[in-house]
Amino acid sequence: MSDNGTGMPEHVKAKIFQPFFTTKPTGQGTGLGLSMSYDIITNGHGGVLEVETVEGEKTEFRISIPIA
């Protein structure tokens with residue numbers, strides 16, 4: 001899945017899956033969504049959640065979950 005947004009700088013990409021990290025203003029986000037998704041996909045299903053971004057162009061998330 002990819003978007004047509006503005007991408008993200010490398011310092012944000014490095015923290016994107018950390019609990020409580022958010023780019024939203026104080027009080028407008030918990031920073032748990034991507035962290036929880038990462039844990040469910042990787043620990044719960046043995047999968048992989050990857051992010052690729054081009055600052056100023058797009059961000060793409062790839063989810064891979066093994067069949068068996």
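The relative contact order of the chain comes to 41 percent, based on Cα pairs under 8 Å that sit 6 or more residues apart. Karplus-derived 3J(HN,Hα) values for region 33-48, using 6.51 cos²θ - 1.76 cosθ + 1.60 with θ = phi - 60°, are x, 6, 5, 5, 4, 4, 5, 5, 5, 7, 7, x, 10, x, x, 9 Hz; glycine and proline are entered as x.
R0 = 30 Å: FRET efficiency of N43 with N4, Cβ-based, nearest 0.05? The value I calculate is 0.45.
Each Lys or Arg adds one and each Asp or Glu takes one away; over the other residues whose Cβ falls under 13 Å from the Cβ of E52, this sums to -3.
Close amide-amide hydrogen proximity is noted between K58 and G7, each under 5 Å apart and 5 or more residues distant or on a separate chain (H modeled in the peptide plane; Pro and chain starts excluded). Phi angles across region 14-19 convert, under the Karplus curve 6.51 cos²θ - 1.76 cosθ + 1.60 with θ = phi - 60°, into 3J(HN,Hα) values of 5, 10, 4, 9, 7, x Hz, Gly and Pro given as x.
Taking label positions 7 Å along the Cα-Cβ direction at both V12 and T30, the computed distance is 2.2 nm, reported to one decimal.
The numbers here are math on the coordinates, done by the rules we state, and not lab data. Small disclaimer: the values here were computed from a predicted structure and weren't measured. Heads up, the Cβs are rebuilt from the backbone with ideal geometry, glycines too, and the neighbour counts pull from every protein chain shown.
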